[in-house]
Amino acid sequence: MEKRIDFRDQISGNKFKSFFLMVSIFVIFVLFGYVISLAFEPSFFFMIMIISIVFSLSYILISFYKSDKIAVASVGAKPASRSEYKQYYDLVEGLTLASGLPMPKLYIMPSEQINAFASGRDPQNAVVCVTRGALKKLEKRELEGVLAHELGHVANYDIRYMTLVTVMVGMIAIVSQIFLRSLWFRGGNDNKNNVFLIIGIVMAILAPIVVKLVQLGISRKREFVADASAVKFTRYPDGLIHALKKIQKDAVVPEKRVSRAIAPLFFVNPLKGLASTHPPLEKRISALERM
């Protein structure tokens, strides 16, 4: 018999793992910067760092403060009418009372997939969006589990957390590009720096790939945290378990209107691909069945 796990242990454990993975990205960034400083002049190193920080922060800050509007607009979602979607409103209001969160804005996405997502920089500016397929195919307790999962993301400030990770990943990608392009203009042939130059080239090629994989790992851990948070809010893991099992059997083609940038927000991956931002459904179900 598998060992039972407490949802509180699941939340704290996966938060720690997410933090450890984020620290590993920071270590890679610092190590990469150190190698560049040895391969080139220190002034050149600082110039690269300043450019990468300014570009990545500017892009991410704009996306961060407009994340809710960008997300719903990109998938063609429309505001949900309280009169038409009374059960949807009632379930979310009940969950906000259980979680202590403010009421988010509710949206409907025109898709036959069973899916949902939450966005917004903080609980006061949060939106929750569900697909028409979820409203049609899920029973009340199943839908409640899915909505509780999305409110778990809101309560855990996952948008803010993943934005920070994206900033760090973006900086490494920019530094790598600037470093590789600068090699065309590098003069001289200082042998003592050649070793660090080779190391820098290898890191410039591999670092963006490694940190992207780490970013996907963090995203998967946050999904487990949101599942555990849903159990915390509802005290009923079976609703979420049944919803995930129903999604396993739901033969719907991948959602074409969803971009890769928005896909990590969803309850389950709306796209198909090896580099999934979500853990396998089987692992999520297994973890929930032990709670």
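The values are calculated or read from the model by the stated rules, or taken from the named source; none is laboratory data. Please read all numbers here as calculations on a predicted model, not as lab measurements. Every residue, glycine among them, receives a Cβ derived from its backbone with ideal geometry; neighbour counts consider all protein chains shown.
Screening residue 113 against (1) closer than 23 Å to residue 281 by Cα; (2) surrounded by fewer than 24 Cβ atoms within 10 Å (Cβ to Cβ); (3) at pLDDT 95 or above; (4) not small (Gly, Ala, Ser) leaves a single unmet condition, (3). Residues that are touching a residue at least 60 places away in the same chain (Cβ under 8 Å) and surrounded by 19 or more Cβ atoms within 10 Å (Cβ to Cβ) were ranked within region 275-289; the one that is farthest from residue 239 (Cα to Cα) is 277. Filtering region 194-209 to residues that are surrounded by fewer than 16 Cβ atoms within 10 Å (Cβ to Cβ) and of a type in the set (A, V, I, L, M, F, W, C) leaves 195, 198, 202, 205, 206, 209.
For (1) modelled with pLDDT under 80; (2) crowded, with 18+ Cβ neighbours inside 10 Å; (3) more than 27 Å from residue 20 (Cα to Cα), each residue gets a yes or a no:
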residue	(1), (2), (3)
188	yes, no, yes
230	no, yes, no
252	yes, no, yes
262	yes, yes, no
